[in-house]
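This report refers to the structure that appears directly beneath it.
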Amino acid sequence: NAGVTQTPKFQVLKTGQSMTLQCAQDMNHNSMYWYRQDPGMGLRLIYYSASEGTTDKGEVPNGYNVSRLNKREFSLRLESAAPSQTSVYFCASSELGDINYEQYFGPGTRLTVT
Amino acid sequence: DQQVKQNSPSLSVQEGRISILNCDYTNSMFDYFLWYKKYPAEGPTFLISISSIKDKNEDGRFTVFLNKSAKHLSLHIVPSQPGDSAVYFCAASDYSTNAGKSTFGDGTTLTVKP
């Protein structure tokens, strides 16, 4: 039981390049989320998917797209990377209706855009 | 406007003493509150939560107190241990309407000195 996995762990991009961050969970959760964390700041929600087949914008969606490929996988795409997107990206999943209602996080992807 | 605030970026306590981490929120629709702990180079992990129908929840050394009238919650760790040294994030959700989304504070770095 791996929980939430993310690939890659590290990535360096040049301005204008594109890439996709992958996320998968094996807990059969319906909801999945993408966050970014900048130094000294909390986690800000980029996009989320309440269930398979649905996606919605979070607090900071500009410059990103997402795909909920199936119940397990939720990917985040940067079409044209910018230095302002240098950050640590976390994927998370949760099950609505759980008593504790907590989110389970992956280990993060550290992205640098030069 | 930041809806969840952790006004102390850092806190240092001696091993064995009590650690008190504070969190304020502005959105009166929030009805579920969580604390997460984060070690460097790892994703956040769930620590403890509280529903707005309660004013206290306890789990071992960790207790969360909620004061709805003041829109304030606090996390007490007793006794503090060096392994508790980490960044602690407060998060809040509007459970009934929000598809599981949480709003995070900027975190408090706790250092427990041996």
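What to note about this one:
- Entry comment: accessible area of chain B is 47 Å² per residue, from protein heavy atoms only and a probe of 1.4 Å.
- Of A:Lys9/B:Lys71; A:Lys57/B:Lys56; A:Lys14/B:Lys101; B:Lys37/B:Lys101; A:Lys71/B:Lys68, those spanning more than 29 Å from alpha-carbon to alpha-carbon: A:Lys9/B:Lys71; A:Lys57/B:Lys56; A:Lys14/B:Lys101; A:Lys71/B:Lys68
- Most mobile listed residue (A:Thr55, A:Thr86, A:Thr15) in chain A, GNM with C-alpha springs under 10 Å: A:Thr15
- Drop in accessible area of at least 50 Å² in the complex versus isolated chain, residues of the stretch B:70-114, 1.4 Å probe: B:Tyr95, B:Ala99, B:Gly100, B:Lys101, B:Phe104, B:Asp106
- Carbon and sulfur %, accessible surface of the protein assembly as shown computed with the full protein complex present, 1.4 Å: 49 percent
- Note on chain B: with a GNM built from Cα contacts shorter than 10 Å, the maximum mean-square fluctuation among B:Leu73, B:Leu47, B:Leu21 falls on B:Leu47.
- Calculated accessible area for the stretch A:41-84 comes out at 49 Å² per residue, all protein chains present (probe 1.4 Å; ligands, DNA, RNA ignored).
- Cα-based reach from B:Lys5 at 18 Å (exclusive), listing aspartates and glutamates while leaving out same-chain residues under 8 positions away: A:Asp38, A:Glu59, B:Asp24, B:Asp31, B:Asp94, B:Asp106
- Max mean-square fluctuation residue, GNM over chain B, Cα-Cα springs under 10 Å, options B:Leu75, B:Leu11, B:Leu34: B:Leu11
The values are calculated or read from the model by the stated rules, or taken from the named source; none is laboratory data. Everything numeric here is computed off the predicted structure, so don't read it as measured data. Protein only, heavy atoms only, side chains kept; ligands, DNA and RNA dropped before computing areas. Shrake-Rupley method; radii C 1.70, N 1.55, O 1.52, S 1.80 Å.
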